[in-house]
2 protein chains.
Amino acid sequence: MTGKRSPARRPTMKDIARRAGVSESAVSFALNGRPGVSEVTRDRVRRVAEQLGWRPSTAARALSGEGAATVGFVLARPAGTLGVDSFFLQLVSGIQEVLAERHLGLLFQIAEDIDDECAVYRRWWAEHRVDGVLVVDPRTDDPRPGLLDELGLPAVVIGGAPDERHPGLSTVWADDAGAMAAVVDGLYALGHRRIAHIAGLPGLAHTERRIRTLRAEAERRGLSEVQSVPTDYSDEAGAAVTRRVLHGPAAPTALIYDNDVMAVAGVAAATELGFTVPADVSVVAWEDSALCRLVKPWLSALSRDSVEFGRTAARELTALLDGGPARTVRVPVPGLIERDSTGVARAV
Amino acid sequence: MTGKRSPARRPTMKDIARRAGVSESAVSFALNGRPGVSEVTRDRVRRVAEQLGWRPSTAARALSGEGAATVGFVLARPAGTLGVDSFFLQLVSGIQEVLAERHLGLLFQIAEDIDDECAVYRRWWAEHRVDGVLVVDPRTDDPRPGLLDELGLPAVVIGGAPDERHPGLSTVWADDAGAMAAVVDGLYALGHRRIAHIAGLPGLAHTERRIRTLRAEAERRGLSEVQSVPTDYSDEAGAAVTRRVLHGPAAPTALIYDNDVMAVAGVAAATELGFTVPADVSVVAWEDSALCRLVKPWLSALSRDSVEFGRTAARELTALLDGGPARTVRVPVPGLIERDSTGVARAV
DNA sequence: CGAGATCGCTAATGCGCTTTAGTCTGGCTG
DNA sequence: CAGCCAGACTAAAGCGCATTAGCGATCTCG
């Protein structure tokens with residue numbers, strides 16, 4: 001009879017205690033660096049632990065009040081728009097890097113929508129699963145900060161503007177208002193006066209922020225033919241909106257897309273309509289990726305270091321878990337990489 | 001003095017017991033559907049639990065032998081090639097769907113390389129963090145199945161051919177040998193006799209399988225000018241290899257790319273060299289995605305349902321966790337979606 | 001009608017760890 | 001030399017849950 005699984009019992013502190021000839025408490029003291037044991041004993045215990053390949057059971061640790069050594073990350077996006085941009089994997093990659101150093105786990109979950117996401121937080125909290133969470137895609141009028149405050153779950157909001165109503169949360173964000181201003185500056189300098197902004201999901205804080213900033217920048221320069229059109233980030237939407245705005249006599253001469261996928265789809269759509277990029281219309285993608293250099297012409301894009309963004313967020317969260325104060329930190333404004341899709345505006 | 005965080009204590013079974021006027025054990029019996037309490041009491045307890053918003057502490061559960069209610073997923077790929085294809089997020093999305101139903105958490109980690117990945121498994125096991133794991137990117141001569149067997153950690157290998165040496169592991173895979181045969185069939189029928197296969201990472205089981213199958217198919221038809229070139233999946237490699245194989249007098253008339261990104265990069269490279277797709281050279285991408293319809297010409301691609309793939313894998317793992325036997329299940333062979341990048345071979 | 005089975009429930013134990021409250025020894029002080 | 005105290009360590013309790021043993025009360029059947 002072969003057993004179901006080879007047992008391979010994991011060593012516990014009791015095993016260490018026995019082998020080292022001390023009590024379990026001594027082992028605990030020794031391994032956690034607290035006073036109560038002599039240095040000699042501490043060393044011996046450490047050696048035995050290492051030799052046995054001992055690692056603390058997170059379950060037991062969590063149960064005795066130490067926290068779960070895990071942070072949570074929920075992604076609430078329509079299933080269709082999931083794999084399209086590379087931003088999230090890069091972000092997660094950066095997050096991981098920092099968490100791994102401290103042996104913190106990352107509990108990952110995909111949710112249907114924001115209510116579902118809130119339910120996940122509640123469950124995680126009740127189940128004692130996570131010590132803190134990373135929140136992405138902050139919205140205008142977002143229910144999550146309030147909930148997390150209420151639950152007392154440490155959290156850092158990624159990509160949101162600081163929210164003074166929830167001083168318990170940290171925020172890590174890039175000033176896309178500044179980036180938008182820079183883009184408009186550049187386009188204006190090239191002679192563009194009619195600009196369309198194919199925006200992302202309405203309701204997302206940064207979408208609204210970009211739209212607001214664009215409007216403000218336009219007003220500041222007396223441009224009246226500037227518009228923002230929200231989408232769902234999909235390539236279909238990008239193409240459809242492109243066709244729509246390009247239709248008619250006073251078509252924009254510059255298009256700003258809120259992600260790379262839409263930009264690529266938009267270029268294809270524009271080309272089909274007989275527009276040449278950048279001769280007839282300039283294109284800027286808000287998010288750089290391999291994609292931007294996979295198509296012709298190469299896309300000018302706003303580039304940021306998403307991995308570093310993730311690292312920063314994770315660092316803020318660990319600081320919070322260590323009992324530090326909530327902070328608001330700004331990561332560098334995305335920079336415009338000028339490639340082949342932007343040029344001097346066609347003479348009207 | 002405002003406390004650091006609002007306490008918001010989570011309810012425990014003791015609270016329920018008190019409110020329902022029964023013992024803790026009765027509560028446990030009631031809530032877990034085991035015999036030992038009357039239906040009346042069970043209902044009452046359930047109601048109280050719900051009203052209190054009680055959820056079992058996974059820590060406590062895990063400690064009392066029930067497992068951690070979590071499965072692990074490690075991604076070991078070079079950081080650069082991380083966000084490029086949409087396969088993983090879709091896979092994870094499918095996995096989630098199944099896990100969420102059973103309230104299983106997904107612990108996600110990115111590793112440097114396969115040794116690092118093994119270390120992660122060891123740690124997870126020792127820390128009692130996961131009940132099972134999902135393994136991707138199986139390799140020829142893979143150390144992971146052996147390790148997982150040794151640790152007694154239930155696991156399902158995603159995308160690997162069945163491995164009779166480790167009967168404890170389940171396997172979920174698509175028969176890409178069959179798919180490759182179908183692709184070659186199609187290309188052959190279109191008159192293609194010289195085919196280049198821009199393959200993925202060498203050492204990955206499915207890369208080797210595809211290469212082997214292609215060779216076999218070529219031999220079967222007496223084609224001598226068929227080659228496979230392994231790459232690192234990056235767009236740069238895709239472009240570089242494309243330029244290389246297209247150079248010279250007997251250039252292939254058909255190119256098979258092991259992912260969508262390389263295919264797109266390859267088309268761009270070929271176009272630069274003066275080749276027209278599909279007039280001069282046909283292109284097939286092994287992995288369909290939005291990307292394939294973002295470029296001109298639209299790419300013919302092998303399409304599979306990655307989300308369903310993930311679902312299937314997760315289902316197998318949960319079956320394993322329930323004590324079921326290890327199984328090998330095949331998901332449907334990817335189907336060739338013929339779009340605009342494949343055509344009749346140019347007359348030689 | 002009494003012995004055993006069954007039901008509905010409670011008390012107690014253990015999972016692996018942290019932490020508090022001791023215990024004991026040796027050295028130091030007055 | 002009694003009295004104290006610091007240092008090194010142990011004993012025990014508790015975290016939230018599952019589980020086993022146990023205990024009356026009711027039921028069943030010979």
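The values are calculated or read from the model by the stated rules, or taken from the named source; none is laboratory data. Quick caveat: nothing in here was measured; it's all calculated off a predicted structure. Quick reminder, even Gly has a Cβ in these numbers, built from the backbone with ideal geometry, and neighbours come from all protein chains shown. Ligands, DNA and RNA are excluded from the accessible area calculation, which covers all protein heavy atoms including side chains. Shrake-Rupley method; radii C 1.70, N 1.55, O 1.52, S 1.80 Å.
What are the semi-axes of the equivalent ellipsoid of chain A, taken as the square roots of 5 times the eigenvalues of the Cα gyration tensor, listed largest first and rounded to whole Å?
Values: eigenvalues 524, 80, 64 Å².
Three semi-axes, in Å: 51, 20, 18.
As an exercise, identify the trypsin sites (Lys or Arg not before Pro) in region B:161-197 lying in DSSP coil whose Cβ has no more than 16 other Cβ atoms within 10 Å. List each step's numbers first, then the result.
On the way: sites: B:R165, B:R193, B:R194; in loops: B:R165, B:R193, B:R194.
Sites meeting the loop and neighbour criteria: B:R165.
At 222 nm, what value in deg cm²/dmol follows for the protein assembly as shown if DSSP H runs of at least 4 each add -39500 (n - 2.57) and the sum is divided by all its residues, to the nearest 500? Could the numbers behind the result be given before it?
Details: 24 runs with 286 residues, N = 696.
The helix contribution divided over the protein assembly as shown gives -12500 deg cm²/dmol.
Treat each spin label as a single point 7 Å out from the Cα along the C-beta direction, and report the A:R122 to B:A119 distance in nm.
Between A:R122 and B:A119, the simple spin-label model gives 4.1 nm.
I'd like the accessible area for A:R215: 1.4 Å probe, protein heavy atoms, all chains in place, Å² to the nearest 10.
Counting only protein heavy atoms, A:R215 exposes about 140 Å² to solvent.
Work out, step by step, the length gained on full extension between A:E164 and A:V40: first 0.36 nm times the residue separation, then minus their alpha carbon distance; give nm to one decimal. Please list the in-between numbers first.
Values: separation 124, 0.36 × 124 = 44.64 nm, distance 5.11 nm.
Residue separation times 0.36 nm, minus the Cα-Cα distance, leaves 39.5 nm.
Given axes a ≥ b ≥ c from the Cα gyration tensor, I'd like to know whether the protein assembly as shown is rounded (a/c under 1.5), prolate (a/b larger than b/c) or oblate.
On the way: a/c = 2.13, a/b = 1.34, b/c = 1.59.
Oblate, because a/c is 1.5 or more while a/b does not exceed b/c.
Rounded to the nearest 5, what % of DSSP beta bridges with both residues in chain A are antiparallel?
Numbers: 4 of 39 bridges.
Just about 10 percent of them are antiparallel.
Roughly how many debye, to the nearest 20, is the charge dipole of chain A about its Cα centre, given +1 on each Lys and Arg Cβ, -1 on each Asp and Glu Cβ, and no other charges?
1400 debye
Over region A:15-124, what percent of the accessible surface lies on carbon and sulfur atoms, probe 1.4 Å?
Numbers: 2300 of 4870 Å².
Within region A:15-124, the accessible surface is 47 percent carbon and sulfur.
When chain A is turned about an axis onto chain B, which of its residues keeps its C-beta closest to that axis, and how many Å is it?
Nearest Cβ to the rotation axis, residue and whole-Å distance: A:F108, 2.
What nm value, rounded to one decimal, do you get for the distance between A:E308 and B:S23 when each label is placed 7 Å out toward the C-beta?
Calculated label separation equals 6.2 nm.
How far, in degrees from 0 to 90, does helix A:39-52 lean away from the longest principal axis of the Cα atoms of chain A, to the nearest 10?
Here the helix axis deviates by roughly 70 degrees.
I need to check one value: relative contact order of chain A, counting alpha carbon pairs closer than 8 Å and at least 6 residues apart, in percent.
On the way: 620 pairs, mean separation 59.2, N = 348.
Here the relative contact order equals 17 percent.
Can you put B:R129, B:R139, A:R10 in order of accessible area, largest first, using a 1.4 Å probe? Let's see the in-between values first.
Values: B:R129 20, B:R139 90, A:R10 70 Å².
From most exposed to least exposed: B:R139, A:R10, B:R129.
Considering chain B as a Gaussian network with a 10 Å cut-off on Cα pairs, which listed residue, B:V184, B:V226, B:V22, attains the greatest mean-square fluctuation?
Highest fluctuation of the listed residues: B:V22.
Please give the per residue accessible area of chain B, computed with a probe of 1.4 Å over protein heavy atoms only, in Å².
The answer is 42 Å² per residue.
Short version: which residues of region A:47-63 lose at least 50 Å² of accessible area, all chains versus chain alone, 1.4 Å probe?
The answer is A:R55, A:T58, A:A59, A:L63.
Evaluate E = 1/(1 + (r/R0)^6) for A:R9 and B:H103, where r is the Cβ-Cβ distance and R0 equals 25 Å; express this FRET efficiency to the nearest 0.05. Present the calculation step by step, with values, prior to reporting the outcome.
On the way: r = 27 Å, r/R0 = 1.08.
That gives a FRET efficiency of 0.40.
According to a simple spin-label model (label point 7 Å from Cα along Cα-to-Cβ), what is the distance in nm between A:H247 and B:D185?
4.3 nm
Mind checking the dipole of region A:176-303: about its Cα centre, +1 per Lys or Arg Cβ, -1 per Asp or Glu Cβ, Debye to the nearest 20?
Details: 12 positive and 15 negative charges, 74 e Å.
The calculated dipole for region A:176-303 is roughly 360 debye.
Take the Cα atoms of region A:13-55, build their convex hull, and give its volume per residue in Å³. Could the numbers behind the result be given before it?
On the way: hull volume 2.4 nm³, N = 43.
Normalising the Cα hull of region A:13-55 by residue number yields 55 Å³.
Could you identify which residue out of B:L336, B:L273, B:L134 has the top mean-square fluctuation in a GNM of chain B using Cα springs shorter than 10 Å?
Evaluated over chain B, the most mobile residue of the options is B:L273.
For an R0 of 30 angstrom, estimate the FRET efficiency from the Cβ-Cβ distance between B:D340 and B:R220 and round to the nearest 0.05. Intermediate results must be reported in sequence, preceding the final value.
Working: r = 29 Å, r/R0 = 0.95.
With a Förster radius of 30 Å, E is 0.60.
With springs connecting C-alpha atoms under 10 Å apart, model chain B as a Gaussian network and identify which of B:W125, B:W173, B:W54 has the largest mean-square fluctuation.
B:W54
Between chains B and A, what is the buried accessible area summed over both chains (1.4 Å probe, protein heavy atoms, nearest 100 Å²)?
Working: alone 17230 and 17230 Å², together 29180 Å².
For chain B against chain A, roughly 5300 Å² becomes buried.
Carbon and sulfur atoms: what percent of the 1.4 Å accessible area of region A:182-329 do they account for?
Solvent-exposed carbon and sulfur of region A:182-329 make up 52 percent of the total.
Put +1 on the Cβ of each Lys and Arg and -1 on the Cβ of each Asp and Glu in region B:109-226; which of B:V130, B:P202, B:V183 then has its Cα farthest toward the positive end of the dipole?
B:V183
If the only charges are +1 at each Lys and Arg Cβ and -1 at each Asp and Glu Cβ, what is the size of the charge dipole of region A:182-229 around the Cα centre, to the nearest 20 debye? Don't jump to the answer; show the numbers that get you there.
Numbers: 8 positive and 5 negative charges, 7 e Å.
Rounded to the nearest 20 debye, it is 40 debye.
Picking from A:W298, A:I110, A:A319, whose Cα lies most toward the positive end of the charge dipole for chain A (charges on Cβ: Lys, Arg +1; Asp, Glu -1)?
After comparing all options, I get A:A319.
Set the Förster radius R0 to 56 Å, insert the Cβ-Cβ distance between A:E66 and B:D175 as r into 1/(1 + (r/R0)^6), and round the FRET efficiency to 0.05.
Given R0 = 56 Å and the Cβ-Cβ separation, E is 0.75.
Measure nothing but the geometry: give the 0 to 90° angle between the long axis through the Cα atoms of A:205-221 and the longest principal axis through the Cα atoms of chain A, rounded to 10°.
The angle comes out near 30 degrees.
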